[in-house]
Structure formats: structure tokens, C-alpha cells
Amino acid sequence: MIVDDALVTDLDLFRGMLWSNTLEVPNNGLDDDHNGRVDDVIGWDISDQDEDVRPPVQRLADYPHGTYMAAHIAQRIRAHFGEMDDYPIKLLFIKSIADTATNLNMADGYLGLETAVSYKPDVVNLSWSGGIASREARDALVQARTEDIFVVGAVGNFPQSDPAFPASHPAVFAVAGIDSNGHLYRSNYGDEVDIAAPSAGYPEALLAENSPGDIDGVSNATALVTATVALMKYTNPSLSNRQIQLCLKATASPLDSRNPNYPGLLGAGALDSQAAINCAKTRGWYAFDRLESPEGAIGYANRRGAGAKIRHWTISPQRDYAGLTLTPFVQGEPKGSALSIVDSHSGDTIWRGQLSALPYEIKTEHAAISIELEVKSNKAFDFQLPYATRNIDQSTRFCTGTTKVPLSADSPGIVIEDGSGAENYAFNSDCKWHFVPGAGEHVMLKFLELDTELNVDSLYLFRGEGTQQRNLLMRISGQQLPHNILVEGSSVLLWFASDAQNENSGFKLEASAIPAARQ
């Protein structure tokens, strides 16, 4: 299921793949299945409260996003099964922007999420982030987790580590974006990330459909993970969400060596779609003996009647960390089975005891550990040991956090710069200045110097004091000085963000307040 802006339903790419509500009689104006939605045969428009999920005819270029996400998913389903008249995996769409909308952000995304969960799909794709989630939307996510509905969410397209909802909710599998070389690309990062996937990429099958221009960003990465999960669910319908997560993370490729400035902040690593599907296919989700990613899980499934055995694993991430946090999970009857966790550096025992006595959480001082499971039970049980690294704080920046800058028309302008002086600005800069004018005054920004990596290291200008997408006024990047910028009747937030390479000399600007009468 996809919650997004709209879907062009008549593309050849979607032939044989659109969901059909067999309980609903098309176009009879009745709610035949009594779900509160009349004629919801292929989906539902939550914003306009009707069955038409297509974009408005005269505004096709304004509503491309959902079609692109569906195209990414459909393209991978077709590649997996080959050409078919009727595919076993179906796309159900929830349109969440009104036909008459002037603000094309996902205004009704959380309403769409609530509606999506009510259909009880296997997988939900949320290729968007931001806004304020209602209590009902949060409850829907909890319900999704309870019912083993796998929800995949995008962490956001800004190079920052601030949590982005809904991806930051524990019931959502959070996806970050990377480029073809495995480097962070147009993506948030942080502890909430579960996995990374390619952010750039045009659905090739849409080239023949004369679709509007390319869409880059974490949205694409999210759709790729959603397609993989759908194929995993099809391959093995009995897999729980826990087992799916374990397969995705255990088969991911570590990214630390390619992203030294984001240690442990890109989840388990890069998605390996085919390996994850194979993992689901063989129920081999426990068969990974050595893990090198900063986040992942080991597991073992004991089947009824199995004899005694010993299993070994090692966790050895590619770089140094402050330690691991382990969150064991045991289900079934592990009678007499025991677990031992040993520090690989010192040889000291971290924990030893019966599986039935495992605590909810175990923390280690080092990230490299060895694990031994001694199976003594002939009963069925599942054992999983998810882990996540804890970072060593090595960040040093010339500027950090948010600085409040009061402005007054009665005072001279204030010069602001990135803080590096004669040095180049730092990797991973994340600095904000909140310019607050007096009553009846406007904010004027005059750039004096500008030297940033074009289209990579940027200054974002927002109306107000937050970084919500809807308040974004402009993005400034490169070396060309912009014209003077006047923001009327509001405070202004300036956010400077850089990536992990190619830092330049930075920027300098003068901020001042001017009376409204002097416009």
C-alpha cells in the first residue's frame, strides 16, 4: 500500500498490478463492503473523500510523486516475476493531497496512514516525512505493529540528524538514502535509521510514459525497501515483522568505511534486496555467523524435535564504537538452552545464563563480541539478538546548535558567518541562526561572501523558527551572491548544513531589521 499524492493508474507499468476490492461494486454509489468508503475499488482519496486516486487532469505535473513511488515498486515486482497478466503482489493507493491543493506537501499524509492501516495490508510505503502526527496516526502505527503490518518510512532529505516523523516512530522501518557509491546522498541520518538504499534513480519503465522530470531523494530509497519487503512477504507469508527486519539487516552491506563521518548513523548498511529475499525464501534468517554492520541482529530458529547443538556468532563492526546495546528476544520453549556473550578484546564474559533468563537489554563496553548458544531443548523456539552500536563522540564543529539573533531597526546590522574564519567550514556542519525582528519590522539579509559546494553544502532559509518543509523560502548554494533578501512580517531561520567532503571557505552575511514603512 502506498500513501502519497496521486497515482496515474492507466500506465502500462501497472497493468495486472493494481489492487481490486472484490467486495465493492464499481460506480454504483454505494458502500457495498460497509467500510465507510463508497466505491473504493482500487484505493481511496482521503483528501477529497472519493474513490478517484488519480491526479487532477489539468495538474498532472503537480502530482508526480506517488506515481514515481509506485513505479519503483512495480518495476521491481515485474523484474522479479517477469511479464504476467496478473501479479500476485498488488498496489493499493491512498491519495492524500486534495485536487485543489495549493500547498503540495503531504497535508493529509497522517490521515492517509490511518486509512491505510484500516485496509490491513502487508506493507505500507510512506515516502515522505514531517508535519505533526495526530494521536490517531500514532495509534494506527501501534496497531500496524500489533497486526504485523510492515511500515516503511523515509527519514527526510536534509543532511541532518534530527528525528523525522513518521520514520522515527519505533513501529516504522526507517530508510536513509545513499548514492551509487554508497555515500550518504540527499538524506537525513541518525540513530533512527534502520537501513539505507539508493536515493537517486529514475524508474526506467516510466521513460516511455512521458512522465514529468526526475525525482531524487530518500523517497526513492524507501520505495525500493518497500518492494523488497513485499517480495519477502510473498516468498514466505509466515515471516513476522521481526524476522523480516532481521533478514534486511543481516544481509545489508556495511557502509562505515564509505561514510567515516556518519559512523553508526546509516542503520545496518546498504540494502541487498536479493539477499534479503533469499533469506526469507530459505527461512535462513538465522544463518549469518559474522556481522560487521553497526546495526543488525543474529537469530536462531529451533524446530520441534531438533537435537542438541551449539551455535556461534561474532559481531565485529568495521570501526571503533563505544560499545553495543543488545535487546534479546525469545519466543517459544527454550528449556535448558543457554547463552554466553564474551568480549572479543578482553575475553571477559559479558553475560552467561539460561535463554529464559535473558534481560530486556544488555550493554557492552566494546563493539566486538562473540556469542555461543547451547541448544538443549527439543521444543520449538525462536531466539533473536538485535544489536546497535553506541558512537564515540568525535564531532568538532566551528558552529553548532541554534543561535537566537535579536534585530532592531534602531541598531546596525549584525554580521553572521559559519565560524571557520580563515579555515574551510567543517564536515557535517549543522548550524542555525534565528533572526528575530522587532514589532512591525522585517528581516533583511545581505550576503557579503559565499563559497559552498554547489548543490551539496547549502543554506536553507525558513519563515519562522522551525525547519518544516512548508516554511522553506529558498535554498542558497555555490559561489554566486544572491540579491538582498527581504522577509516581511516574520522571524527567519537560517540553517547551514554541509556534507562529509569538499568543504569550501564558507559564507558571511549582514542581518538587519527595517521598519515596515521603509519597504
Quiz item: Taking the DSSP beta bridges in the range 2-276 as the whole, what percent of them are antiparallel, to the nearest 5?
Solution: 10
Practice problem: Using only Cα positions of the range 290-390, each an equal point scatterer, no hydration layer, compute I(q)/I(0) via Debye at q = 0.18, 0.19 Å⁻¹ and quote the log10 values to two decimals. | Solution: -0.79, -0.87
Self-check item: Per principal axis, descending, Cα span of the range 394-453 in whole Å
Solution: 43, 23, 17
Quiz item: Along the principal axes of its C-alpha atoms, what lengths does the range 449-519 span, in descending order and rounded to whole Å?
Solution: 43, 25, 13
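For the chain, calculate the relative contact order in percent as a whole number, restricting contacts to Cα pairs under 8 Å that are 6 or more residues apart.
In percent, rounded to a whole number, it is 10.
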Self-check item: Spherically averaged projected area of the range 400-518 from its Cα convex hull (nm²)
Solution: 7.0
Quiz item: So how do 131-143, 361-373, 425-437 stack up, highest first, on mean other-Cβ count within 10 Å?
Solution: 425-437, 361-373, 131-143
Quiz item: Of all the C-alpha pairs in the chain, what % are more than 32 Å from each other?
Solution: 50
Quiz item: Using Cα-only point scatterers and the Debye equation, what is log10 of I(q)/I(0) for the range 1-132 at each q in 0.14, 0.15, 0.16 Å⁻¹, rounded to two decimals?
Solution: -0.59, -0.68, -0.78
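First measure r as the distance between the Cβ atoms of Ser240 and Leu454, then evaluate 1/(1 + (r/R0)^6) with R0 = 51 Å and state the FRET efficiency to the nearest 0.05.
Details: r = 46 Å, r/R0 = 0.90.
My answer for the efficiency is 0.65.
Over 20 Å between C-alpha atoms is what I'm after, so list which of Lys95/Lys120; Lys309/Lys379; Lys120/Lys379; Lys404/Lys446; Lys120/Lys233; Lys309/Lys335 land there. Can you show the working numbers first?
On the way: Lys95/Lys120 17 Å; Lys309/Lys379 13 Å; Lys120/Lys379 32 Å; Lys404/Lys446 18 Å; Lys120/Lys233 14 Å; Lys309/Lys335 13 Å.
Correct reply: Lys120/Lys379.
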Exercise. Work out Dmax and Rg for the range 2-276 from the C-alpha atoms and quote the Rg first, both in angstrom.
Key: 17.6, 59
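Every number in this text was worked out from the coordinates using simple rules, so none of it is lab data. As the structure is a prediction and not an experimental result, all values here were calculated from the model. Every residue, glycine among them, receives a Cβ derived from its backbone with ideal geometry; neighbour counts consider all protein chains shown.
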